[in-house]
Structures are given as C-alpha cells and as structure tokens.
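Heads up: the structure comes next, in structure tokens.
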Amino acid sequence: MFAAPFCNAQLETSPPIPASDSHPVPAIQDTETAAQRDARMAWWREARFGMFIHWGLYSIPAGTWDGKDISGIGEWIMNNASIPVADYKALAPKFNPTGFSAHDIVALAKSAGMKYIVITSKHHDGFAMFDSKASDFNIVAATPFKRDPLKELAEEARKQGLKLGFYYSQDQDWTAPGGAAAPRGNHDPVTHHWDKAQDGDFANYLHTKAIPQLKELLSNYGEFPAVIWFDTPTKDMTPQLAGEIVALLNQHPNLIWNNRLGGSYKGDTETPEQFIPPQGYPGRDWESCMTMNDTWGFKSYDTNFKSTETLLRNLIDIASKGGNYLLNIGPDSHGRVPKPESERLQEMGAWLKVNGEAIYGTRPTLFGAEAGALSATEKDKKGAPKFISAWDWRSTTSPDKIYIEIFNWPKGTFHLDKVPRKVTSAYLLADAAHKPLKLTQSGDSVDVQLPAKALDPIATVLVLETSK
Ligand code: GLC
C-alpha cells in the first residue's frame, strides 16, 4: 500500500489552456488569460455545493409504463421502454404541477447550504421546461400549467442570493426529428431511433430547435444562467456544429459551461457522474454530480436513499480534493420535493451552518494520504491498481488555517505528520467558545489533545490556526 500525496497545487491559479487548433470557433477557454479565468470561476470555486434538479414529464410515469416497472434512471423511461413519440407527447396535457413553488425550492437549497442551482431546462425527451417559441412542445404551450418554472426560479434565486444554471440536452432529443438518441449505458454514442417520427437530419434539429432554444435560455432570464450544463455528446456533434454553439456562448463572457458539449471542446469543468475521483482532477475545475437515490428523474418506488452521513462525507471528501458537489433532487409530477430528499438537505444545512467555514472557498488538502491509497493487490475495472478510500478524516485549507474534518474520533490525541506550516493554536469549530486545545508541535509533527467525545457524529472539524 502506498500513499499518494495529491492535488496540493490544485488551482490556486488557472494554468493557461493551450488554444486548440481543432476548434473552428475558439472558445473563451482558448482565449482568456489565467487571471480572467480565475475571475470568471471565482464564485463557482467558492461555492463548492450546488443543487441539481431533474424535473419534467418523466415525473408522471415515475418509472412505470403500461403497468410495468421500467428499470433504469427515471428520466430515460421513453428510451428504456421505447415509447413512441406520440404516446410520450401525450403526457404533456396531463402535466399540471400546481404544487411547484420556486420560493420553497430555492429556500430549500439555501437552507441546505447550497450556493447554486442547475435545473433541467430540456432533457433528452425534448420537452422544454420553459416558454419556448422554437418548439411548442413546452410547459407553457403544451400543458394546463402554462407557467414558466425557470422564470420563477430566476426571480427567487435573484431574491434569495443564489446562482441559477440550466441543464440543456443539446445533442439527444427523442421527440424532435433528427435529434440524437443514444442507447443508455452504451458509451458508443451512435444514434438509434425506435420510432420513424424521430428520423431526420441532426444539423437541421440543431438549427431549428437546439440553437434557437439556447438563444432563448441565454437571453430571457436576466443575468442567468450562470452555468450551462450540457450532456451526452454524440458523434453527430462535429467540431463545426459545436462551434456554432460556442459562438453563442462566447457572447456571454461570464458564463461557465461543462465538458459535455462535444466536438472536442473541453469547457470549464470536468463532470464525474455518480463517483468521486480518488485524487480529484489536478489542474482542472471539477464537479461531481450525484443522485440521492438511484435516479435523477423522480421514480415513485426508488427509495434507496443515501444517508445524510454519506452525503455530507461526500461533500467534505470532494472539497478536500478541490471539487464541487452537485447533488440532485427529483421533484414529483405535482412539483413537490420528495421528503427523504428535503430532510437530508436540511440536515446537511444544519452541519454547514456550524462548519461551513471549512468548506466554502477553501483549498484542497495539504496532505493526501488521509483519502486512501492504491492497493498493492486489488485491480479496478480497467486492471489498474484499485484505489482504496480511507474514511478517518479529511482536510481543507485556507491561507491561515488547516481544517481537519474528523469522521472517526480518535482516543485522546489526534496526531498529524508532514504539517508544512507552524501551528499556533487549535480548537473545535463546533465549540462556539473555540476553547483552545492542548497542542504540541515537534518539527512537522503535531499532536492535539481532544475531548473524549466527538461534537458531531458525522464530522467534527478541528481547526489548526497557522502562521507561515
Ligand atoms: C447522464 C444521464 C442523464 C443525466 C446526467 C446527469 O448523462 O444520461 O440522464 O441527466 O447523467 O449527470
């Protein structure tokens, strides 16, 4: 077993991204200076924690079609059950989520300690959750609800001080002729249609629906979106076609967009899905997106919810590796947030209310071995040495403090080696009085006398105040 120190130098400042000559249209990442990039990414790096919202027509069948439970993630039911376009579109007149409250959803995100929200404006099923002139298959024109939830969320996010972003399925569209349709789980993204009504020209789909809708999303919601979250690029998305979208994005110089546009554009952020990279992504901004149960879109019978302990320790693990956590909720067809999801978010918020200083705007760990090590014997799926995570503690850093988030409370003393700074004092963040703890430092080793019991069963933060 050997411990790999990692990502210490992560992103204090952005390394210049080499202009890519395969980009017919240079993207902002190709042209901006490192200082400009740092300014553009600053709020996002400070935020660390965001809410992903998967909500749409698929919340009506909620995982069941023709009385049969359809396996797989809820938002893929049309593809997983090969539902004909006309049958799927017939869901729209039944969609009337009068239980939807933008105020309550933004307030929930805020109470959870989340700093931004990314909602599905259009998912692979092609249904627009906003008022779109480019396609009448949208929530205002095709449903009795007739309201634009993105407009209401934008107003509330503005009022409550959160950032709002839009997920947009630029490539896959299962109800628009020519839209791509990749079989789930098959990473060889070649389109296969199951209904003649889906056949058509991809470029025509982009020019008549996707690009006009992206224009609407980028100009009808005030200063938002702050983020565009693309998804599942396929072979259809050539650099030339992607370049046309980039030309649009370049008109919004503060916009942040991810690595899933396609056409060889890297975007701003790596997006590991449903996992936490063992050692982060040194030199890249990254965001781990994750479900609370096993589906993004609401499924009535999916109750396999992760514990609040797991979700909080994930957030801390991700922050200690310099990443963001985009944690998903899947409202039901009434627009209500499932109780198991809101409860966990409120519990996470309670912890962050006391310990947020150790997460927001912090830098990654100065250590590394605490996260685990590569196994000398076990191999991962790719046959490489498997990374075995350890879950005793994590660490995050600020200019004059080292935070130790302790999961497994040691008896008596907490010992730390290779401390690259002089430690001047120690206390527990959850102790409002910040009562000084007995501290000894010899060379780069530190010992801190701890009280018998942890102050928080999920994670108790030990603060080491340091001087250069
Ligand atoms: C995958 C799924 C998609 C989901 C996305 C979230 O790409 O296909 O349904 O929205 O992950 O990360």
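The values are calculated or read from the model by the stated rules, or taken from the named source; none is laboratory data. These numbers come from a predicted model, not from an experiment. Using ideal geometry, Cβ is built from the backbone for each residue, glycine included, and neighbour counts are taken over all protein chains shown.
Could you list all residues from segment 191-238 that are in contact (Cβ under 8 Å) with a residue 60 or more places away in the chain and polar (S, T, N, Q)? Answer for segment 191-238, where residues must be in contact (Cβ under 8 Å) with a residue 60 or more places away in the chain and polar (S, T, N, Q): Gln198, Thr208, Gln213, Asn220, Thr232, Thr234.
When Ile256 is tested against the conditions (1) of a type in the set (Val, Ile, Thr); (2) in contact with a Ser or Thr (Cβ under 8 Å, 6 or more places away or on another chain); (3) farther than 26 Å from Glu32 by Cβ, the lone failure is (3).
Just to check your reading of the model, which residue among Ala134, Ala142 is more than 23 Å from Leu241 (Cα to Cα) and either more than 25 Å from the chain's Cα centre (by Cα) or at pLDDT 95 or above (or both)? On inspection, the qualifying residue turns out to be Ala142. Which residue is farthest from Ile53 (Cα to Cα), if the candidates are limited to segment 68-77 and must be away from the ligand (no atom under 11 Å from the Cβ) and not acidic (Asp, Glu)? So, considering only residues that are away from the ligand (no atom under 11 Å from the Cβ) and not acidic (Asp, Glu), the one farthest from Ile53 (Cα to Cα) is Lys68. Report yes if some residue within segment 83-90 is crowded, with 20+ Cβ neighbours inside 10 Å and within 24 Å of the chain's Cα centre (by Cα); otherwise report no. No, segment 83-90 has no match at all. Inside segment 22-118, counting only helices (runs of 4 or more DSSP H) that do not spill past its ends, which hold 2 or more residues that are in contact with a Phe, Trp or Tyr (Cβ under 8 Å, 6 or more places away or on another chain)? Correct list: 34-47, 77-80, 85-89.
Does Leu261 fit the bill of being closer than 21 Å to Ala128 by Cα, aliphatic (A, V, I, L, M), in contact (Cβ under 8 Å) with a residue 60 or more places away in the chain and more than 14 Å from the ligand (Cβ to nearest atom)?
no
Out of Thr308, Thr238, Thr208, I need the residue that is away from the ligand (no atom under 16 Å from the Cβ) and surrounded by fewer than 16 Cβ atoms within 10 Å (Cβ to Cβ). Which one? Give the steps one after another, and end with the answer.
Working: Thr308 fails: surrounded by fewer than 16 Cβ atoms within 10 Å (Cβ to Cβ); Thr208 fails: surrounded by fewer than 16 Cβ atoms within 10 Å (Cβ to Cβ).
Within the list Thr308, Thr238, Thr208, the selection yields Thr238.
Yes or no: Glu46 acidic (Asp, Glu), buried (at least 17 other Cβ atoms within 10 Å of the Cβ) and within 30 Å of Arg284 (Cβ to Cβ)?
Numbers: acidic (Asp, Glu): yes; buried (at least 17 other Cβ atoms within 10 Å of the Cβ): no; within 30 Å of Arg284 (Cβ to Cβ): yes.
Here the answer is no, as Glu46 does not meet what is asked.
Scan segment 156-171 for residues that are more than 12 Å from Pro225 (Cα to Cα) and of a type in the set (D, E, K, R) and the total you get is 3. Based on what the data block shows, is Ser111 more than 17 Å from the chain's Cα centre (by Cα), among the hydroxyl-bearing types (Ser, Thr, Tyr) and either surrounded by 24 or more Cβ atoms within 10 Å (Cβ to Cβ) or over 23 Å from Gly262 (Cβ atoms) (or both)? Criteria met by Ser111.
Please go through segment 251-276 and give me each residue that is assigned to a loop (DSSP other than H, G, I, E, B) and in contact with a helix residue (DSSP H, G or I) (Cβ under 9 Å, 6 or more places away or on another chain), ordered by number. Give the derivation first.
Applying the first criterion (assigned to a loop (DSSP other than H, G, I, E, B)) to segment 251-276 yields 251-255, 259-261, 263-264, 266-268, 271-272, 274-276.
The answer is Gln251, His252, Pro253, Asn254, Leu255, Leu261, Gly263, Ser264, Lys266, Gly267, Asp268, Ile276.
Out of the residues in segment 145-183 that are of a type in the set (S, T, N, Q) and closer than 27 Å to Thr232 by Cα, which is farthest from the chain's Cα centre (by Cα)?
The first filter runs over segment 145-183 and keeps only residues of a type in the set (S, T, N, Q), leaving 160, 169-170, 172, 175.
Cutting the leftovers down to closer than 27 Å to Thr232 by Cα gives us 169-170, 172, 175.
On the way: Ser169: 15, Gln170: 18, Gln172: 20, Thr175: 26 Å.
Among those that are of a type in the set (S, T, N, Q) and closer than 27 Å to Thr232 by Cα, it is Thr175.
If you go through segment 220-250 and pick out every residue that is on the phi > 0 side of the Ramachandran plot and either outside any loop (DSSP other than H, G, I, E, B) or at pLDDT 95 or above (or both), you end up with 1.
Are any residues in segment 282-304 modelled with pLDDT of 95 or more, surrounded by fewer than 18 Cβ atoms within 10 Å (Cβ to Cβ) and more than 15 Å from the ligand (Cβ to nearest atom), and if so, which ones? Let's see the steps before the verdict.
Residues of segment 282-304 modelled with pLDDT of 95 or more: 284-304.
Of the ones still in play, those that are also surrounded by fewer than 18 Cβ atoms within 10 Å (Cβ to Cβ) are 294, 300-301, 303-304.
Of everything in segment 282-304, those that are modelled with pLDDT of 95 or more, surrounded by fewer than 18 Cβ atoms within 10 Å (Cβ to Cβ) and more than 15 Å from the ligand (Cβ to nearest atom) turn out to be Ser300, Tyr301, Thr303, Asn304.
Select from segment 173-191 the residues that are more than 17 Å from Tyr88 (Cα to Cα), within 15 Å of the ligand (Cβ to nearest atom) and not acidic (Asp, Glu) and write down the one among them that is modelled with the highest pLDDT. The extreme case among them is Ala182. Would you point out the residue of segment 264-277, among those that are closer than 26 Å to Ala203 by Cβ and crowded, with 16+ Cβ neighbours inside 10 Å, that is nearest to the ligand (Cβ to nearest atom)? Checking each candidate, the answer is Thr271.
Does Pro364 satisfy the condition of being under 26 Å from Gly280 (Cβ atoms), in contact (Cβ under 8 Å) with a residue 24 or more places away in the chain and over 30 Å from the mean Cα position of the chain (by Cα)?
Details: under 26 Å from Gly280 (Cβ atoms): yes; in contact (Cβ under 8 Å) with a residue 24 or more places away in the chain: yes; over 30 Å from the mean Cα position of the chain (by Cα): no.
Considered against the rule, which asks whether it is under 26 Å from Gly280 (Cβ atoms), in contact (Cβ under 8 Å) with a residue 24 or more places away in the chain and over 30 Å from the mean Cα position of the chain (by Cα), Pro364 comes out as no.
Counting only strands (runs of 3 or more DSSP E) wholly contained in segment 406-462, the ones carrying 2 or more residues that are farther than 15 Å from Arg394 by Cα and among the β-branched types (Val, Ile, Thr) occupy 422-428, 445-449.
Of all residues in segment 121-142, how many are within 16 Å of the ligand (Cβ to nearest atom) and more than 18 Å from Gln198 (Cβ to Cβ)? It would help to see each step written out before you state the result.
Quick first cut of segment 121-142, residues within 16 Å of the ligand (Cβ to nearest atom) only: 121-129.
Of the ones still in play, those that are also more than 18 Å from Gln198 (Cβ to Cβ) are 121, 129.
Qualifying residue count, segment 121-142: 2.
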